[in-house]
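Values quoted throughout were computed directly from the atomic coordinates according to the rules given, and no laboratory measurement underlies them. Source: prediction; values computed, not measured. Here Cβ is always computed from backbone atoms with ideal geometry, including for glycine, and neighbour counts include all displayed protein chains.
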Amino acid sequence: MKFFVDTADVNEIRELSDTGLLDGVTTNPSLIMKSGRDIMEVTKEICGIVDGPVSAEVTATDFEGMMKEADVLSKIADNICIKVPLTMDGLKACKAITSSGRLVNVTLCFSANQALLAAKAGATFISPFIGRLDDMGIDGMDLIAEIRTIYDNYDFGTEILAASIRTVNHVKQAALIGSDVATVPPSVLKALVKHPLTDKGLEAFLADWAKTGQKIG
Ligand code: E4P
């Protein structure tokens, strides 16, 4: 499973990219707002840090407006992935943008039928929002499983990008189901490495090692 980080914070992106574990980045208008930076400037900086796809979201809601914004965003870098909302205009834009050879992430997906349409529109990625469904008392992970089945039934090439991830358990469940990608907040990505028995075990090994008085090299 590929890991994208869901943030526009360049310091976090740089730190995670240095680990070699990062395959891409997703941003959205709320994350750009949180960064306090200009979308063009911050997105260009992110594209310089990460080689993989960097999702930048259009804010127009009509087809023509989305296409214009997609053209502007595409000029930022070769690894830009245009993010469009899951609306009829968004799907139309998805078809047109992917037909021109560019990457598209269809966002705000909350149903299997929406994901089916996105695949038919040639989406590179579909972003089902797990956490926001969980917030409503609906198991978001069921949606990932449904989409996996449908995409496998028809051999769609669209990659499932599990989004709105809130916990390490979300990551594990998405991986078990076979989500192609998970876009994860920095704090959750860093929490994946943690286990109390790892810390305890390491502490004991180091204490015993100190008693030997040895040094490697
Ligand atoms: C996905 O690309 C979105 O940016 C993101 O995962 C939304 O997550 P949220 O529900 O935590 O805002």
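Here's the list of lysines a cross-link from residue 68 could span, going by alpha-carbon distance under 23 Å and ignoring same-chain residues fewer than 8 apart: 44, 83, 92, 95, 120.
For the chain, a Gaussian network of Cα nodes joined below 10 Å ranks 20, 90, 48 by mean-square fluctuation, and the top entry is 20. Here is how the number arises for the chain: DSSP H runs of 4 or more residues each give -39500 (n - 2.57), the sum is divided by the residue count, and the result at 222 nm is -15500 deg cm²/dmol. Hull volume per residue, based on the alpha-carbon atoms of the chain and their convex hull, is 153 Å³.
Within straight-line reach of residue 34, meaning a Cα separation under 18 Å, sit the following aspartates and glutamates at least 8 residues removed in sequence or on another chain: 6, 9, 12, 45, 57. Using Cβ point charges alone (K and R +1, D and E -1), the dipole size of the chain about the Cα centre works out to roughly 300 debye. Counting other Cβ atoms within 10 Å as a rough exposure proxy, the listed residues 94, 109 run 109, 94 from fewest neighbours to most. Only Cα pairs under 8 Å and 6+ residues apart enter the sum, and on that basis the relative contact order of segment 82-174 stands at 25 percent.
Note on segment 99-202: with charges restricted to the Cβ of Lys and Arg (+1) and Asp and Glu (-1), its dipole about the Cα centre is near 380 debye. Using a cutoff of 8 angstrom between alpha carbon atoms and counting only pairs six or more residues apart, the relative contact order for the chain works out to 17 percent.
For the residues 45, 203, 64, a GNM of the chain with alpha-carbon springs under 10 Å puts the largest fluctuation on 203. Using a simple spin-label model with pseudo-atoms 7 Å out from Cα toward Cβ, residue 197 and residue 62 lie 6.0 nm apart. Among 205, 63, 129, the residue with the largest mean-square fluctuation in a Gaussian network model of the chain, with springs joining Cα atoms closer than 10 Å, is 205. Footprinting exposure proxy ranking of 167, 26, 61, fewest other C-beta atoms within 10 angstrom first, gives 61, 167, 26.
Around residue 179, under 10 Å between beta carbons, what's the net of Lys plus Arg minus Asp minus Glu among the other residues? Summing Lys/Arg as +1 and Asp/Glu as -1 gives 0.
The charge dipole of segment 13-89, taken about the Cα centre with unit charges on the Cβ atoms of Lys, Arg (+1) and Asp, Glu (-1), comes to about 160 debye, rounded to the nearest 20. Sorting 168, 54 by the number of Cβ atoms found within 10 Å of their own Cβ, with the fewest placed first, yields 168, 54.
Other residues within the sphere of radius under 11 Å centred on the Cβ of residue 131, judged by their own Cβ, net out at -1 (K and R +1, D and E -1).
Each Lys or Arg adds one and each Asp or Glu takes one away; over the other residues whose Cβ falls under 13 Å from the Cβ of residue 170, this sums to -2.
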